[in-house]
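One structure is given below, encoded as structure tokens.
Each reported figure results from applying straightforward, stated rules to the coordinates on display, with no laboratory input. Predicted, not measured: the structure shown is a model, and the values here were computed from it. Backbone-built Cβ (ideal geometry, glycine too); neighbour counts: all protein chains shown.
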Protein chains: 2
Amino acid sequence: MPVSSRRLLYSIAVAAAAVAFVSADAGAESAPPLPVPWAVYGGNVAHDSSFGAPAGPSGDALRRGVSWRFPEANAIPLGVPLGKDGAALGPRSAPVKTTQFLGSAVGVTVVGSVVYAESDSGYVYALDAVTGRQLWRAHTDNAAMGDPIVAGGRVFAGSGDTGFSFSQVLRAQGGAKTGLVRGLSWAAVYAFDAKTGKELWRYGTKGEDMSSECYAHNTLYFANGDGHMYALDPATGKPKWITDIGGFDSMSSCNIFHHKVYAGFTDPNDLVAVDETSGAIAWRTSFPNVANTGMGDNSPTIDAADNQVIQVSVADARKTGGKASVDTAVLAVNADTGKIQWKRLLGRGDSPPAYKASVAMVRNGIVYVSSPSTSRLSALDAKTGNVLWSSTIPHPSVPGLGRGAVTYRDGTLYQSTGAWLYAWDAKTGKLRHDLYIGGRFGIANPVIVGGTLFVTNSWGWVIAEPLAAVR
Amino acid sequence: MPVSSRRLLYSIAVAAAAVAFVSADAGAESAPPLPVPWAVYGGNVAHDSSFGAPAGPSGDALRRGVSWRFPEANAIPLGVPLGKDGAALGPRSAPVKTTQFLGSAVGVTVVGSVVYAESDSGYVYALDAVTGRQLWRAHTDNAAMGDPIVAGGRVFAGSGDTGFSFSQVLRAQGGAKTGLVRGLSWAAVYAFDAKTGKELWRYGTKGEDMSSECYAHNTLYFANGDGHMYALDPATGKPKWITDIGGFDSMSSCNIFHHKVYAGFTDPNDLVAVDETSGAIAWRTSFPNVANTGMGDNSPTIDAADNQVIQVSVADARKTGGKASVDTAVLAVNADTGKIQWKRLLGRGDSPPAYKASVAMVRNGIVYVSSPSTSRLSALDAKTGNVLWSSTIPHPSVPGLGRGAVTYRDGTLYQSTGAWLYAWDAKTGKLRHDLYIGGRFGIANPVIVGGTLFVTNSWGWVIAEPLAAVR
């Protein structure tokens, strides 16, 4: 098909989609409105980043679907297959380094008609959602790898890195299996003015602050690389309480439910619930055979209907004939007691480099979750963990696929992984469509607002794509 | 004494010094001219950064002595005692983090009337030596911690960081004592146009490139965090040879003598000599009881008169009653064979955090070397290692004093350590003068040009001070 014809069909599709969404907004569309505040990673406790467009002309444009690419500082062309320094670092390490130190690691935040994104290159961006134009850019001292939290006219972002000092290596050589501090260079949580990007305060810590914060009842919470959970006053950055958890949190963005703050930690590999008001540890649950940064890398997801926390973890690492393999465990835990309800292993596969597990999404009694070691997306019954369907993600890439959460809209699951966007039938797991973007998606979840899909990329791009082009 | 009187006396001193230096330049002054190219760390193989001022009006000003402070990007006030995030990090960690991730780590380079400096914040600066005005600033992807090498109209700088990935920690937990790769984020060596700062090429590597390169016979050499010695074509950045040494080089800037390139490596803790042309390992010498990053952190110094390499190392680490202590070893090794000529222990003291040893300077048959664990400066007979004198550096600071090389001028040793500049009688070790600067000097060696002392600071400052004010 010639390009002109494809463009024509595409325009027709976009127009049709716009019509569909107008009617959908009138009643049939299932997506809730954009949350205010944007309190947790992904915009809600289920990590399902699907929202209706706001009222007004900007909302109308987002409902129709907009398309733009915004290059962050240090962005590299999307067509470079391995990322920066590919020749020097090789196909296994190069994409990981680019994901950890160059572009955006996770999803965006959308509040009103503004897209907020963080980048490893040490910036927080506010972009016009309709045009992709930069409204402001604020600086952080180290990689900003989270989902910006926006509340009360402030944008909160943490920064840090994945490194360990030589003294931590010496501790490890001496046999230490717990109590390591993660984070080499500057680590801090920042508050910026949501309108101007002006830094309001900065709270420095010993270990990295890579995971996203969470917000409730005028308090900002985060778990970090020095093994603590912190509760800060969002106006001043002064701590209300600090609780020593042990272990370290890497990318396990906290979640909040029933006045408890949840986060995963590594070494010991525990899922921990802390009382929102007092900071007391309500419960901590250990899982057998958890491997590597299994718990500390994945954000817990709330299954509110079943009063449980869903946590994904790397499990049962083995080395057979020089080849490392892992399994991926999905765990459902009672939100009040920490008691394990069920556990499901998704299958053994090659050990991916760096971040090895994934973030689950829960909707209507189903847990959607991927396994990077097998590059499969699965749907599990939230009550039993039974597998409803499981599908192989096409276009495999060396470092494994399916680390970010999927997003549901009108019977379709949207996924951003590897160099592609995917649309899956949520009922059957059948692939409906794939769209090549290039570069590599980190632990990125698509954020859908009206008829537009927003996503960030490890190569340093913030991307707006009409939903009609993906589905 | 009122400030006005002090100023008056100071002016008189500067004027007197100017007179003294004019006459000194006429014959008595011992310093050689500024080197072209600036081929090794400190400007010469003895690491004695003392030079006559160049001809012309700029040289005349430097001969009289100039005074300025240049703030690098992210510079913090010199009066902040612990550095950035002092409250969060505490007195032992805060100065280390600021030294590793904010300001300048080692000395400057001076070519003609231009001062070149690197900074941890990822920049290389060219400043007018007389005024401190910025001529250009170039960006590096990670901390630039070395002494810029300038040759053939190009400025060479390496960048990297001190970190280890989690997979390296797991290797250490598994018992690995060797073969670790140092360097977490981007690592590369850069060439910039000396006049404009324009990037000419960038050579990426797996491990960090923190130590300074060295240059000879139209080749650029460096040793790095992935345990290799590299020889690059300075025009293109293409490798001529790459030799696997094992271990990792942290801050051991290479040195060149008799067609061999020397550098220290950690794990195994060896001093290594590589043939300049072929890249073959000429010899490698292990020392008993070397501890921590003992060998890989310190730049070897050439004692040309005695055909030997002087290397300082952390030695004999112990932990008694929870208190860690180390000794500092000074080793003289035959430059051709690697055979140890003598070894001197400088005395046991508290283990400093991070960088624990020092860089020696050799002049007229005497090795000048400090021991950060005891905060003492010593003079050793270069032929025997016998201690000629040893003096305590005043104004102790938590992280230990005396890591950078001292600089000799007209019977006086100049030293930059802690928050102070010191002038010592080179013959007797008697303290002549100290001058408070503030902040903290890293592994910084003073560079003296005519009557001006140039030095960089971990708080992010490049400093020019009339020699007359220090002595």
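One table, with the values for the structure above:
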item	result
Theoretical gain in end-to-end length, A:ALA73 to A:ALA235 [0.36 nm per residue, Cα-Cα removed]	55.4 nm
Shielding by partners - mean other protein chain Cβ count within 10 Å, residues of B:85-92	3
Hits among aspartates and glutamates - C-alpha to C-alpha of B:LYS427 under 18 Å, sequence gap 8 or more where chains match	B:GLU29, B:ASP48, B:ASP381, B:ASP410
Test item: A:178-185 mean partner chain Cβ contacts at 10 Å	4
Average Cα contact separation per residue, chain B, under 8 Å, 6 or more apart, as relative contact order %	16
Least to most buried among B:LYS427, A:LYS206 (fewest other Cβ within 10 Å first)	B:LYS427, A:LYS206
Mean ellipticity per residue at 222 nm, deg cm²/dmol - from DSSP H runs of n ≥ 4 across chain A, formula -39500 (n - 2.57)	-3500 deg cm²/dmol
Rel. contact order, % - alpha carbon contacts under 8 angstrom, at least six apart, region B:205-344	15
Residues of type lysines that A:LYS319 reaches as a straight line, Cα spacing below 17 Å, ignoring anything fewer than 8 places off in the same chain	A:LYS356
Peptide ranges B:237-246, B:164-173, A:267-276, A:127-136 listed from the most packed, as the mean C-beta count within 10 angstrom indicates	A:267-276, B:164-173, A:127-136, B:237-246
Per-copy distances of the A:PRO91 label point, shortest first, in nm (7 angstrom along Cα→Cβ)	5.5
Anchor A:LYS84: lysines whose Cα lies under 20 Å away (excluding residues fewer than 8 positions away in-chain)	A:LYS97, B:LYS198, B:LYS206, B:LYS238
Rough spin-label spacing in nm, given labels placed 7 Å along Cα→Cβ, for A:LEU170 and B:ALA176	1.9
Sorted by Cβ density within 10 Å, fewest first, the residues B:THR374, B:THR384, B:THR285	B:THR384, B:THR285, B:THR374
Length gained when the stretch A:HIS258-A:ALA55 is fully extended (0.36 nm per residue, less Cα-Cα span)	70.0 nm
Label spacing, shortest first and in nm, from A:ARG69 to its equivalents in the remaining copies (7 angstrom along Cα→Cβ)	4.7
For B:ASP425, label point 7 Å along C-beta direction: distances to other copies, nm	9.4
Estimated inter-spin distance, B:THR337 and B:VAL36, nm [label 7 Å along Cα→Cβ]	4.1
Rounded Å value of the spacing that divides the Cα centres of region A:310-374 and region B:113-167	44
FRET E, pair A:ASN386, B:LYS195, Förster distance 56 Å, beta-carbon r, rounded to 0.05	0.20
Highest average packing first - B:388-395, B:295-302, Cβ atoms within 10 Å	B:295-302, B:388-395
Prolate/oblate/rounded label for the protein assembly as shown (Cα gyration tensor, a/c 1.5)	prolate
Region A:324-442: relative contact order as a whole-number percent, Cα under 8 Å and 6+ apart	17
Cα shape, chain B, gyration tensor, a/c 1.5 rule	rounded
Label-point separation in nm, B:ALA324 to A:LEU135, each point 7 Å along Cα→Cβ	4.7
Kirkwood Rh (inverse of mean 1/r, distinct Cα pairs), region B:171-295, angstrom	14.9
